Amino acid sequence: MDILNRKKLQELAQNQQYPCVSLLMPTHRTAPDKNGDPITFKNLIKDIKQALGDEAELLAPVEKLAEDRDFWNYQSYGLAIYINPERINVFHVPITLPAIAIVADSFHIKPLYRYFQDNQSFQLLAISQDDVKLYQGDRYHLEPVELAGNVPLTMEEALGSELTDNHLNTAFSTGNGSRKQANQGTGNVVHGYQEKSNEQQNDAERFFRIVDKSIYEHYSKPTNLPLILASLPEHQTIFRRQSKNPHLMAEGINQNTRNLSPEELSELAWELIAPQHEQQIQELLDRQQAAEQIGRSHWELSEVVKDALDGKIETLLIEENRMILGKIIAAERRIQFPTVDAEELFDDLLDDLAAMVVEKSGSIIILQKDQMPHQTGAVSINRF
């Protein structure tokens, strides 16, 4: 299994030689749904074999996966396999993919752009008075960060000898140490208890101040990532009052997260990140409208292709799950669409267009049909 990253995606985009085999399909993590995944896989392999004809032996290394029980027991939500004579890449991805089998002169990678679009990175600080944990990840993965030596993990570690004696029984010191006698004691006992409570409040404030400074210096400042605070509501109040971290998000996870898995934490965190993500999409659409007014955005496919060939496109908006069969004839600066009697193999024009934009340092944003500013399948936002 390969790890999907931007470098790997760019490598796939640069393959422009027949035959390039793309097999994409949705997968499932639990029974009974996952029991049908090998059948879907076999059907897609059958379609690819038919398309490859005499070159079907290219599939031999992956065809045996159909009977590999361990392979199907450890799936995510999508499976993407790319094969040509020089490479085989198998990706388990945490996004649902369409069932697609394509043989062409380039790989069909457009559905994978959604993975990078949705996985905005962030850090999550889970804190109580006796435990500090930091996680880093995105919508799909959240991993613990090793804090040893950089951030105190408990109040005792942070304050050391300056920590107030936390034995509450000392508040009942009169009356020979018994709780009943203490409750019958003088005003001095109550005064002593209040002082102890105030000192403990001060301890918590100093502890959170130290943690906040350490997290900022060692993790927030170097990465510039948003920081989500996960703690009990009362600790949220104290920590935020002390915090000087400009990356701390205004909203946090208001509960004890000690017994939550990274997957559960990630889901809670994404509920806070999602509105920001949606706001960024809206800001992008606003930019497209402004660019359109001054001639820096096109939506007719012939014009978008010319923008891509000229390296003008800063951001390309593509309609999700849309496929348009065609080829970009770069030398003639035009699109060739298939005819009824055409013998050539045609891939998804939008996929080739996206690969061209990425190769020239542009970015790809996948939008739902009702989000697209025009209904041609692709809209450019140009640098010039």
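The values are calculated or read from the model by the stated rules, or taken from the named source; none is laboratory data. Because the structure is predicted, anything quoted here is derived from the model rather than measured. Methodologically, a virtual Cβ is constructed for each residue, glycine included, from the backbone with ideal geometry; neighbour enumeration extends over all protein chains shown. Areas reflect the complete protein model, heavy atoms only, side chains present, ligands, DNA and RNA absent. Shrake-Rupley method; radii C 1.70, N 1.55, O 1.52, S 1.80 Å.
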* **Under-5 Å amide H pairs with L325, H placed in peptide plane, nonlocal only** => L349
* Vicinal HN-Hα couplings computed from phi for region 13-18 (Karplus, 6.51 cos²θ - 1.76 cosθ + 1.60; Hz; Gly/Pro x) -> 5, 7, 6, 9, 9, 6
* What number, in percent, do you get for the relative contact order of the chain if the mean sequence gap of Cα pairs under 8 Å and at least 6 apart is divided by its residue count? -> 15 percent
* Once the Cβ-Cβ distance between E263 and I3 is put in as r, and R0 is 30 Å, what FRET efficiency do you end up with, to the nearest 0.05? -> 0.95
* Structure fact -> Note: D131 to T339 extended length (0.36 nm per residue) minus current alpha-carbon separation gives 68.3 nm
* Structure fact -> Which of (1) 19.2; (2) 20.1; (3) 26.9 is the computed mean projected area of the Cα convex hull in nm²? It is (3)
* **Spin-label model distance (nm) - Q280 vs F116, 7 Å beyond Cα toward Cβ** => 1.3 nm
* Structure fact -> Two pseudo-spin positions, 7 Å from Cα along C-beta at K244 and at K64, lie apart in nanometres by 6.1 nm
* With a Förster radius of 35 Å, plug the Cβ-Cβ distance of A290 and T237 into 1/(1 + (r/R0)^6) and report the FRET value to the nearest 0.05. => 0.30
* Would you mind working out the accessible area per residue for the chain, using a 1.4 Å probe, and quoting it in Å²? => 53 Å²
* Cα-based reach from K213 at 20 Å (exclusive), listing lysines while leaving out same-chain residues under 8 positions away -> K133, K221, K244
* To do: Would you mind getting me the FRET efficiency between A330 and Q255? Use the beta-carbon distance for r and R0 = 51 Å, nearest 0.05.
  => 0.40
* Asked: So what are the ³J(HN,Hα) numbers for region 358-363, from phi and the Karplus equation (6.51, -1.76, 1.60; θ = phi - 60°), rounded to whole Hz, Gly and Pro as x?
  -> 4, 4, 9, 6, x, 10
* Tabulate in residue order the Karplus-calculated ³J(HN,Hα) for region 80-88, using 6.51 cos²θ - 1.76 cosθ + 1.60 with θ = phi - 60°, rounded to whole Hz; enter x for Gly and Pro. => 10, 10, 10, 9, 9, x, 9, 8, 9
* **Difference of contour (0.36 nm per residue) and Cα-Cα distance, Q371 to V90** => 98.1 nm
* Starting with the highest mean, order 374-383, 3-12 by the number of other Cβ atoms within 10 Å, averaged over the residues of each peptide. => 374-383, 3-12
* To do: Please build a GNM for the chain, connecting alpha carbons under 10 Å apart, and tell me which residue among I228, I83, I324 fluctuates the most.
  => I324
* Structure fact -> Expected unfolding gain across T154-E303 under the 0.36 nm per residue rule, minus the alpha-carbon gap, is 47.6 nm
* Looking at the chain, send over the antiparallel percent of its DSSP beta bridges, to the nearest 5. => 80 percent
* Structure fact -> For T315, the residues 5 or more places away or on another chain with a placed amide H closer than 5 Å to its own amide H are S363, I381
* Structure fact -> Once the in-chain neighbours fewer than 8 apart are removed, the aspartates and glutamates whose Cα is under 12 Å from K327 read D105, E344, D347, D348, D351, D352
* Asked: Under a 5 Å amide H to amide H cut-off, with H placed in plane at 1.01 Å, what residues pair with M25 once short-range neighbours are removed?
  -> L79, I100
